[in-house]
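Report on one structure; see the data block that follows.
The values are calculated or read from the model by the stated rules, or taken from the named source; none is laboratory data. Bear in mind the structure is a predicted one, so any value in this text is a computation, not a measurement. Every residue, glycine as well, gets a Cβ built from its backbone with ideal geometry; the counts of neighbours run over all protein chains shown. For the accessible areas, the whole protein counts, side chains as well, though only heavy atoms, and no ligand, DNA or RNA atoms are used. Shrake-Rupley method; radii C 1.70, N 1.55, O 1.52, S 1.80 Å.
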Amino acid sequence: IELWDGRRFPGRLLALGKRHDLALVKIETLGLPAIEFGDSNTLRAGGMVIAAGNPLGFTGALSMGVVHTVGPLRGLGENRWVQADVRLAPGNSGGPLADAQGKLVGINTMIARGLALAIPSNVVAEFLSRARSK
């Protein structure tokens with residue numbers, strides 16, 4: 001696992017969530033900050049969100065936009081998505097989508113029909129809870 005500051009650590013895979021393309025990977029180090037989870041069920045159309053990632057190799061880039069809706073997207077099954085007009089590019093996948101208070105409200109995944117799609121934070125929290133209880 002490579003951190004934004006360039007440090008690298010070996011990672012150990014603890015769980016895979018194939019349905020949502022999530023993984024829980026552990027690294028052995030101390031003192032890393034953790035993002036606070038927000039409640040993706042409280043997101044509303046027009047709410048501001050911020051995507052962080054490394055799009056096209058630009059480390060730590062931020063992109064702002066607004067929530068379009070939260071729910072399923074026709075053609076992509078029953079999964080719920082945070083759908084927003086945030087500009088994503090290769091390198092944003094797996095990065096955080098945060099609300100205006102900096103809380104995690106999604107994990108950026110892809111672009112579909114011109115909108116950024118993120119796995120809602122509540123789905124991520126459920127995945128982590130299940131993975132840690134095994």
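Details
- Hey, Ala15 over 30 Å from Ser133 (Cβ atoms) and open to solvent by less than 80 Å² (accessible area, probe 1.4 Å) or not: no
- Near pairs, Cβ below 7 angstrom, 6+ apart or cross-chain, from the range 19-37 (under 19 Å from Gly102 (Cβ atoms)) to any residue that is of a type in the set (Ser, Thr, Tyr) and open to solvent by less than 70 Å² (accessible area, probe 1.4 Å): Phe37/Ser121
- Residue within the range 36-51 that is among the acidic types (Asp, Glu) and within 21 Å of Ile1 (Cβ to Cβ) present: yes
Rundown of residues vs (1) of a type in the set (Ser, Thr, Tyr); (2) touching a Gly at 6+ places or on another chain (Cβ under 8 Å); (3) at pLDDT 95 or above; (4) at positive phi, yes/no style:
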| site | (1), (2), (3), (4) |
| --- | --- |
| Glu2 | no, no, no, no |
| Arg7 | no, no, no, no |
| Gly11 | no, no, yes, no |
| Gly31 | no, no, no, yes |
| Asp39 | no, no, yes, no |
